[in-house]
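Heads up: the structure comes next, in structure tokens.
Derivation of every value follows stated rules applied to the coordinates shown; laboratory data play no part. Keep in mind the model is a prediction, meaning the values are calculated, not measured. With ideal geometry, Cβ positions are generated from the backbone for all residues, glycine too; neighbour counts draw on all protein chains shown.
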Amino acid sequence: MRDFSSDHRWLSLNTATVRKQGDLVQIIEACARHGIRAIDPWRDQVATVGLDRAVRAVRDAGLELSGYCRGGMFTSDAARRGEVRDDNRRCVDEASALGAPCVVLVAGGLPQFSRPGSAASKDIAAARAQVEEAIAEMLEYATQARMPLAIEPLHPAYAADRACVNTTKHALDICDRLDPARTGALGVALDVYHIWWDPEVMGEIARAGRDRRLFAFHVCDWLVPTRDILNDRGMMGDGVIDIKRYRATVEATGYAGYSEIEIFSHEWWDRPMDEVIRTCIERHRTVV
Ligand code: ZN
């Protein structure tokens, strides 16, 4: 496992971590101040400053991307399928312009939550089938654009409203069906927040590595109690996830990319940007 204790060259900042403290350009300036080399920006943050300005800011700061958040939300009723497809194609185009190594995909849950206005459904099996069909369709477009897609399995608590792909095995099974030749076009983004509870995950991480499907690694922590399943993620070291153990397993597969910090937290959004980033760097060196 790589030694992170003496520098933070493999730290990437998911820009949602400080989304309340400034716009994307201000976040990029802060990364430059703190010697951070990579970010994973969100589409809405890019849209707020404009794609061209975001591309320039990334380039001028000499930043790399560790991903682009996010495509997906594939589930909808029939009336919205075209909208879903076009939206995801735009996401691929933006990721290409920004020089992202992959688009992170959050599958979507039941249609009425993924694409509001869609007719309500309780059929999670149908939602899962729709996700797979839509990824297959997006993969054709993304392959032409040479933009890899990374499916991020989400903790089962999000199955209804955010993602009905809930385990690493499920995500890798989809990859095997849609990209059996293991071309590098389809893989997974693994986030310790979503996978730490899964008794099968270590074997599945090894499988992802073997098949060259491990495109991104996200870290934060699981607080006890978790007061808000979406926006109460912990700073690394403040919760119960043995983060080093997961990083060791991920790196044993040959993964040598960024360790991306992704914290959605009202507690951390209320603190000054520089304080949050300083804390991220310190925890990256000590507990990641
Ligand atoms: Zn994540």
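Tabulated results
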| quantity | calculated |
| --- | --- |
| Subset of segment 213-252 [closer than 30 Å to Asp179 by Cα and among the hydrophobic types (A, V, I, L, M, F, W, C)] | Leu214, Phe215, Ala216, Phe217, Val219, Cys220, Ile243, Ala248, Val250, Ala252 |
| Single residue of segment 123-150 satisfying the filter (without any contact (Cβ under 8 Å) to a residue 60 or more places away in the chain and surrounded by 24 or more Cβ atoms within 10 Å (Cβ to Cβ)) that is nearest to the ligand (Cβ to nearest atom) | Val131 |
| Residue list for segment 259-270, filter: away from the ligand (no atom under 16 Å from the Cβ) and touching a residue at least 40 places away in the same chain (Cβ under 8 Å) | Trp269, Asp270 |
| Restricting segment 237-254 to residues that are more than 18 Å from Ile205 (Cβ to Cβ) and of a type outside the set (Asp, Glu), the residue that is surrounded by the most Cβ atoms within 10 Å (Cβ to Cβ) | Gly239 |
| Options Asp228, Asp221; residue that is under 20 Å from Trp196 (Cα atoms), surrounded by 15 or more Cβ atoms within 10 Å (Cβ to Cβ) and in contact with a helix residue (DSSP H, G or I) (Cβ under 9 Å, 6 or more places away or on another chain) | Asp221 |
| Single unsatisfied condition, Asp60 versus (1) farther than 29 Å from Ser114 by Cα; (2) within 16 Å of the ligand (Cβ to nearest atom); (3) not hydroxyl-bearing (Ser, Thr, Tyr) | (2) |
| Matching residues in segment 69-100 - criterion: being without any contact (Cβ under 8 Å) to a residue 24 or more places away in the chain and within 17 Å of Arg162 (Cβ to Cβ) | Asp87 |
| Test: Thr48 is surrounded by fewer than 23 Cβ atoms within 10 Å (Cβ to Cβ) and either of a type outside the set (A, V, I, L, M) or part of a helix (DSSP H, G or I) (or both) | yes |
| Per-region count, segment 179-211, residues more than 14 Å from the ligand (Cβ to nearest atom), of a type in the set (A, V, I, L, M, F, W, C) and part of a helix (DSSP H, G or I) | 5 |
